[in-house]
Amino acid sequence: MSEVKTLADQLRSKINGQTVPKETPVKIKREKKKPPDIPEILESIRAYDNRQHKSLMHIRFDAQTVQTMNQFKMATGVDVTKLVAFSVQKLFERHPELKSIIKQYLQQLEL
């Protein structure tokens, strides 16, 4: 039967010059965590390059949207400016009727 020593017993025996048997470390097998799947939209936002964008706008959002965008930034590391620029670009790409409204307005100004 193996002898169980307390820490005090081990220190006493070490002080008295006796050797303390070294314990072999127990290896704990940990399951490797699979990295979470990154949604395609998040990859697209991260890949969006807004470094050459120099124009600024002051935009107002409601408190809940601001909170959500800030939480998105903390969760993903994506800057809010990049998120908004990406979102507005995709909005105009998916709804070309918005661009046609702008074109019609500009044509009316020229008349």
- Treating the beta-carbon of each Lys and Arg as +1 and of each Asp and Glu as -1, no other charges, what is the dipole magnitude of region 30-111 about its Cα centre, to the nearest 20 debye? 360
- Message: From Cα pairs below 8 angstrom and at least 6 apart in sequence, can you work out the relative contact order of the chain, rounded to a whole percent?
- Response: 19
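What FRET efficiency comes out for residue 42 versus residue 103 if R0 is 41 angstrom and r is the Cβ-Cβ distance? Round to the nearest 0.05. Write out the running numbers ahead of the final one.
On the way: r = 33 Å, r/R0 = 0.79.
My answer for the efficiency is 0.80.
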- How big is the Cα convex hull of the chain in projection, averaged over all directions, in nm²? 16.6
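Go through 12, 94 and list them by solvent-accessible area, largest first, probe radius 1.4 Å.
Descending accessible area places them as 94, 12.
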- Calculated FRET efficiency, residue 81 and residue 29, Cβ-Cβ r, R0 41 Å, to nearest 0.05? 0.40
- Say the dipole of the chain comes from +1 at the beta carbon of Lys and Arg and -1 at that of Asp and Glu; which of 39, 109, 81 then lies farthest toward its positive end? 39
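With each run of n ≥ 4 DSSP H residues scored as -39500 (n - 2.57), what mean residue ellipticity at 222 nm is computed for the chain after dividing by its residue count and rounding to the nearest 500 deg cm²/dmol?
-17000 deg cm²/dmol
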- Item | Potential lengthening between residue 52 and residue 10 on full extension [0.36 nm per residue; Cα-Cα distance subtracted] | 8.5 nm
- Query: What FRET efficiency would be calculated for the residue pair residue 93, residue 60, taking the C-beta separation as r and a Förster radius of 30 Å, to the nearest 0.05?
  - Reply: 0.80
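The values are calculated or read from the model by the stated rules, or taken from the named source; none is laboratory data. Model, not experiment: these values are computed from the prediction. Glycine also receives a Cβ, built like all others from the backbone with ideal geometry; neighbour counts cover every protein chain displayed. For the accessible areas, the whole protein counts, side chains as well, though only heavy atoms, and no ligand, DNA or RNA atoms are used. Shrake-Rupley method; radii C 1.70, N 1.55, O 1.52, S 1.80 Å.
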